[in-house]
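Only one structure is covered here, and it is reproduced in the block below.
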Amino acid sequence: IDLGGLHSARTKTIDLNGVYGGIPAAERLNLTDGEVYTLDIFHAERNYVDSNFRVTTSLFPSCNVLQSGTLAIDSVDVALQSDIETLYFKSSQVDVDGNTGSFRISKETDTFASNFLYTKQKQNIGRGFVSTFNARIDGNTDGFAFVAQNYGLENYPLSGSPNFNFKDITNSFAIVFDLCKTTQVQCDTQEVRVHYPDSLGVSNNALGVTRKTYDEVVRNLKRNDTIEVEIIYYGGRPNFLEVYIDKSLYLRENNFQIQNILGALGAHVGFTSTTSNIAANVDIFDWTLKTVEVDPLKTIIIPLVNVSNTVVSDGVSKSAGILIKTFDGCDNPLDTGTLDGLVDAIYVEKPGQNNTSYSNGSLIPTVVKAVVFDNTDGSYALQLVTTLEAEYELWVAFGEGCSLNFTLPNENSVSQLYIFNATLNEEGTSGCFFLNEPDGAESLPFFPPTPAPIPGVELLDDNPVNIPAIAAGSGVTIFLGIIAGVVMLYYRRKWLIKKGYIEGGKRYILDANTTFDDNTPYTVTAGQVIQTQAEINRKRAQAKDNPETAAIANLQEQIEERKEEIKQVRKRIGEESIKKKKSSNNPKYFDKIEL
């Protein structure tokens, strides 16, 4: 449409659903249904007398922060100013008036100063924001900047003129209102710019990086007067950053994506300023910030596909069959978390099959607080952890100041089945999501796992009472193995010493606690060995005066034969003992006989 020129009133209309020259208008203009486009209108006054201009359209703006923004900061709200220290992080030179909500970020008495003021809490500006404020500059000074940053607040690096005190701040963007672009004393050249690094982790810089402006001579930034500023970021619908001064657009940055600049959707937001050898009072007042926040009334429940809503009643396992999905005021699904603190959910036991009582014959249901798991994508799983085998219904409240209200009676005060009910306690102003889901979850019986058999070990008793369940980590097993090895070496050494005593004939050691049955083959043979060995010693003693070598040799052969008999008897007794103990209920399989 072109209606330029000198003429009387004219009108013209274009229908984007129409056909022009045989081609649909949308095709001629390369428009795609559902996409967001700008509508640019230009008008020049030819004659200030009787010059009229009017535009009407059936188009409507896309839903964004302008329609769904929620007030996050209002500096004139007295309630918000009740405790300044909890709201703002600032340098010592900045004055905050709690009564009027104004900030003096630059003073005429402070030359070569670097000042800042930020919100202590990060603001959710990544989905879109609208910030408005009034500024008054009394005299010549460098100017100030509106800054959003994820650098942090502690150890904030100061930078002097003409860097507006954000030079070394990473993950940030700054909108500079440069009141003295040149070094002229009169400061008659002014500029509005936006600065941000090309990548994360790179420091910002007021003297370079990125600058955008429509008009280097910003005539509305007048001294000793108040200017009205509005900064809009549409959050992808479209990705524009715009700065208006006194209702006029002075700066637009296209393809501006905050998350790529800040590394996150949230950031500390505030103002910075510097002074050089000249200084003036710079006051910011009536500051507001609107951001796109969750709309609890648009929340939905999603049963997960192919995910069971059952859970084992072991007090550890968690169900994840149901989650809630959050949306903003434009019906856009939120893609970040941190709202799990706004969820109040409980699982309530349902009556048994006879519908006359709950578990264990109780007339009062068991209520379990749901475990809320933040998936960090705008959804929250409502998990059940319980040791009670039952079916449960789910109650959910979601939103700022939203909670469930219910009271359980005392068991002794009811004579029939108590039917649970909860109501919504709504203290917030943005509305609450409230839902009762009858089929919330089901907990199944818990069976402790059967311990796996130990390789190489044969169980000699099928009675479970006599079968120890062994559960040990590899580290414990190795430690016990070392202890067992040391014990075995100890007893083997002890046995070798005793064996040497017997074979060498030097001494005989009989355990004081050992008792003998005279009628057993083992005892009879052992007694013969002792008598024969004693006879050998007597003969050896007599050999000093009258050697009887033949008699000694004969007796030595007898002792060797007796030793062999002992081995055979010991083997036979051991086999009989094992058979006898297998047929008994005695958990001990072996006894020790020590000689």
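The values are calculated or read from the model by the stated rules, or taken from the named source; none is laboratory data. No experiment lies behind these values; they were computed from the predicted model shown. Neighbour counts run over all protein chains shown; Cβ positions are idealised from the backbone, glycine included. Surface areas here come from the heavy atoms of the whole protein model, side chains and all, with no ligands, DNA or RNA. Shrake-Rupley method; radii C 1.70, N 1.55, O 1.52, S 1.80 Å.
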Of the listed pairs Lys290/Lys369; Lys120/Lys369; Lys122/Lys369; Lys298/Lys369, which have alpha-carbon separations greater than 28 Å here?
Lys290/Lys369; Lys120/Lys369; Lys122/Lys369
Given H placed on each backbone N at 1.01 Å, which residues far from Gln123 in sequence or on other chains put an amide H within less than 5 Å of it?
Ala267, His268, Val269
Using a 1.4 Å probe on the protein heavy atoms only, what accessible surface does Ile232 show? Give it in Å² to the nearest 10.
10
³J(HN,Hα) across region 564-569 via Karplus (A = 6.51, B = -1.76, C = 1.60, θ = phi - 60°), whole Hz, x for Gly/Pro?
5, 5, 4, 4, 5, 5
Would you grab the residues whose amide H sits under 5 Å from the one on Thr338? Only those 5+ places off in sequence or on another chain, please, with H modelled 1.01 Å from N.
Thr376
The local net charge around Gly235, scoring Lys/Arg +1 and Asp/Glu -1 for residues other than Gly235 whose Cβ lies under 10 Å from its Cβ, equals +1
Measuring from centroid to centroid over Cα atoms, what is the spacing of region 7-30 and region 372-386 in Å?
51
From the protein chains alone at 1.4 Å, what is the descending order of accessible area for Ser92, Ser273, Ser62, largest first?
Ser92, Ser62, Ser273
Take the alpha-carbon centre of region 403-436, take the same for region 230-292, and report the distance between them in whole Å.
45
What ³J(HN,Hα) values, in whole Hz, does the Karplus curve 6.51 cos²θ - 1.76 cosθ + 1.60 give for region 376-388 when θ = phi - 60°, with x put for Gly and Pro?
6, 10, x, 10, 9, 7, 9, 9, 10, 10, 7, 10, 9
Would you tell me the accessible area of Leu394, worked out with a 1.4 angstrom probe on the heavy atoms of the protein chains, in Å² to the nearest 10?
0
Neighbours of Asn355 by Cβ distance under 15 Å: Lys/Arg at +1, Asp/Glu at -1, summed charge -2
With every protein chain kept in place and a 1.4 Å probe, the residues Asp295, Asp178, Asp246 fall, from largest accessible area down, as Asp246, Asp295, Asp178
Hey, what do the phi angles of region 114-126 turn into as Karplus ³J(HN,Hα) couplings, whole Hz, using 6.51/-1.76/1.60 and θ = phi - 60°, x for Gly and Pro?
10, 10, 7, 8, 10, 6, 5, 8, 5, 9, 7, 8, x
Would you pull out the residues with amide H under 5 Å of Gly329's amide H, same chain only if 5 or more places away, H placed 1.01 Å from N?
Glu293, Asp295
Rounded to the angstrom and largest first, Cα extents along the principal axes for region 81-181 equal 35, 33, 27
